[in-house]
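The structure appears below as structure tokens.
The values are calculated or read from the model by the stated rules, or taken from the named source; none is laboratory data. Please read these numbers as outputs of a predicted model, since none were measured by experiment. Note: ideal-geometry Cβ built from the backbone for every residue, glycine included; neighbour counts use all protein chains shown.
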Ligand SMILES: Nc1ncnc2c1ncn2[C@@H]1O[C@H](COP(=O)(O)OP(=O)(O)OP(=O)(O)O)[C@@H](O)[C@H]1O
Ligand SMILES: [Mg+2]
């Protein structure tokens, strides 16, 4: 019996009951669509986050106060016995030869006021070296001065500038940040979000000034750029060693690199995606039960037909094949529809939220089709075997239902 | 062609088993035309199902074309049904969603015959039963007599050796009934062994040999004893 004929005969069996067939196809379609959509979201989140960190540059060390067991999650948990200070940053710069630039970073929020306009901003206290380390570009003016770490000057992010000085040149103008007054010396080019900070929403001021404004001694983190041809790991170890010495032998600083961050986030978000896929898979399982139900009904309705198939010489295996194929066709049709719907709604989301890349992973697309087909086969086995086991005489003698 | 010896068929229903056949001995020659009659519940259909390898006897031996069927595995029985036996039923048993031609092609589909050959053979079969014009019609667009003729075309399209009919005219008026009978008789003339179960004495009387069943036993057989002996090596015939 050739496969095409088998296929024709099996799909013919589905024609009679459009509504019933349609509903069970819909069930599978919903299951597959949700698998595709949820994994797309998970994968999108992964790409988004890793994309953020990928802009860091591969020769950057990030030193964060506090030590956690799971490297990479340091920004979330931070119990530091020792602050990470300006002097720590300087020591790292001077004592680790592979490091060519160091930018201390202090962070706080405050309201910024210019004339009658005011808004909340994130204030970053840093030094002139941040410009080169983070590859920032100036729209106008200049970045923080090299030799005045406690000057009352500030550099505005693109949106801060637009909102505080919508219609005049901000250079030389006064801005009040918290209770302090600053002179604007530059504006940074629009840049967008990076490591969770929207640099367009930020005001940069000299680091010592910032520590005074926020009344702190500890830094948020220290960024260190390693010579491109030097060994990043060795430089990192050397930096940690310097800090350990300065912190009375305690290892209370976490070192992040682009690689370590990316690896960690990839892992976390990979698990998240798998979890989402698992949730969606439940609906596929439910859809499988729907198919089984439809096939069982179909077998009992077509008892006489099955009896006849046997009378004209269909073997046990052929009867099983007919019903299995029927279930597989149902499920795979649903799978294909669901795949299309899932991809389409992913596109729609992408259109609505362009910042958030929705991405259907290739494996999910393939898996959706393979899984839906196997759902059909697995949930079709029971009905198909029931059909094939029917006694032909009894099946034939049964009167019309 | 057919040799039955001590065929019994017992249905286990609840505490008391039903003995539908209680030792049937019978032999039927190739090309013969046999009718089986008898009161309702006498075991006619049961016997016919065993002859058609749709059912297995509880005891006894059934040799078809020299082959003992009791030894055959299920898959082999399917092959026997496919190639040696054609079945016609009282209720036609056409598949409603398939056209007349599609129904006739069905046995060939399961036999793995290529599509072109199937179409050609179905066309010829339809011609034989005089329904060429109805090839594309579905069963619900055909009269009872026409449906039965499609069923006959389907039964013989694999060119079986034996045609078994269980009350083929039971659901038809006398005109289409006799059309059907004439059709299967013509096939018998062409060499097909024909066995018809019927309640209708007119139909049953046309057969060359009439067998009467009662209570699971053969109680009457019009076969002349001389011929019986030569055709049937089985020594004991009721
Ligand atoms: N599946 C079954 N289970 C139990 N008993 C059965 C079964 N099939 C048939 N019988 C019994 O076997 C006996 C013979 O049945 P069979 O159908 O062969 O009779 P029949 O001669 O064809 O009758 P009819 O003329 O009414 O068709 C009857 O007593 C019937 O009740
Ligand atoms: Mg009967």
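Overview of results
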| quantity | calculated |
| --- | --- |
| Any pair with Cβ under 9 angstrom, 6 or more apart, that starts in the stretch B:24-45 at a residue that is in contact (Cβ under 8 Å) with a residue 40 or more places away in the chain and within 14 Å of chain A (Cβ to nearest Cβ) and ends at one that is more than 11 Å from ligand 2 (Cβ to nearest atom) and in a loop (DSSP other than H, G, I, E, B) | B:43/B:215; B:43/B:216 |
| Residue list for the stretch B:50-62, restricted to those being in contact (Cβ under 8 Å) with a residue 40 or more places away in the chain, under 24 Å from residue B:160 (Cα atoms) and within 15 Å of ligand 1 (Cβ to nearest atom) | B:50, B:51, B:52, B:55, B:57 |
| Test: residue in the stretch B:64-75 that is over 14 Å from the mean Cα position of the chain (by Cα), at negative phi and within 16 Å of ligand 2 (Cβ to nearest atom) | no |
| Test result for residue B:101, over 30 Å from residue A:13 (Cα atoms), in a helix (DSSP H, G or I) and either more than 12 Å from ligand 1 (Cβ to nearest atom) or under 18 Å from the mean Cα position of the chain (by Cα) (or both) | no |
| Unique match (being under 25 Å from residue A:49 (Cβ atoms) and surrounded by fewer than 20 Cβ atoms within 10 Å (Cβ to Cβ)) among A:191, A:216 | A:191 |
| Unique match (being within 14 Å of chain B (Cβ to nearest Cβ), assigned to a helix (DSSP H, G or I) and either more than 27 Å from residue B:104 (Cβ to Cβ) or touching a residue at least 60 places away in the same chain (Cβ under 8 Å) (or both)) among A:320, A:294 | A:320 |
| Matching entry among A:41, A:63 (being farther than 24 Å from residue A:321 by Cβ and either outside any helix (DSSP H, G or I) or outside the structural domain of residue A:336 (by TED's automatic domain parsing) (or both)) | A:63 |
| All positions within the stretch B:117-135 that are under 23 Å from residue B:181 (Cβ atoms) and exposed (fewer than 15 other Cβ atoms within 10 Å of the Cβ) | B:124, B:127, B:130, B:132, B:133 |
| Only listed residue being within 18 Å of the chain's Cα centre (by Cα), surrounded by 15 or more Cβ atoms within 10 Å (Cβ to Cβ) and over 17 Å from residue B:85 (Cα atoms), chosen from B:2, B:28, B:7 | B:7 |
| Selection from the stretch A:1-29 of residues that are more than 14 Å from every other protein chain (Cβ to nearest Cβ) and crowded, with 21+ Cβ neighbours inside 10 Å | A:24, A:25, A:27, A:28, A:29 |
| Qualifying position, being outside any helix (DSSP H, G or I) and within 16 Å of ligand 2 (Cβ to nearest atom), among B:196, B:219 | B:196 |
| Any hit, the stretch B:147-168, residues being within 14 Å of the chain's Cα centre (by Cα), over 21 Å from residue B:24 (Cα atoms) and within 16 Å of ligand 1 (Cβ to nearest atom) | yes |
| Criterion: within 30 Å of residue B:113 (Cβ to Cβ), in contact (Cβ under 8 Å) with a residue 12 or more places away in the chain and in contact with a strand residue (DSSP E or B) (Cβ under 7 Å, 6 or more places away or on another chain) - qualifying residue of A:239, A:235, A:311 | A:311 |
| Evaluation of residue B:25 against (1) within 16 Å of ligand 1 (Cβ to nearest atom); (2) in contact with a strand residue (DSSP E or B) (Cβ under 6 Å, 6 or more places away or on another chain) (one fails), failing number | (1) |
| Some residue of the stretch A:376-385 being within 14 Å of chain B (Cβ to nearest Cβ), in a helix (DSSP H, G or I) and either over 30 Å from residue A:37 (Cβ atoms) or at pLDDT below 85 (or both) | yes |
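Results for (1) at pLDDT 90 or above; (2) surrounded by 15 or more Cβ atoms within 10 Å (Cβ to Cβ), shown as yes or no for each residue.
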site: B:23; (1), (2): yes, yes
site: B:32; (1), (2): yes, yes
site: B:37; (1), (2): yes, yes
site: B:49; (1), (2): yes, yes
site: B:54; (1), (2): yes, yes
site: B:57; (1), (2): yes, yes
site: B:70; (1), (2): no, no
site: B:76; (1), (2): yes, no
site: B:82; (1), (2): yes, yes
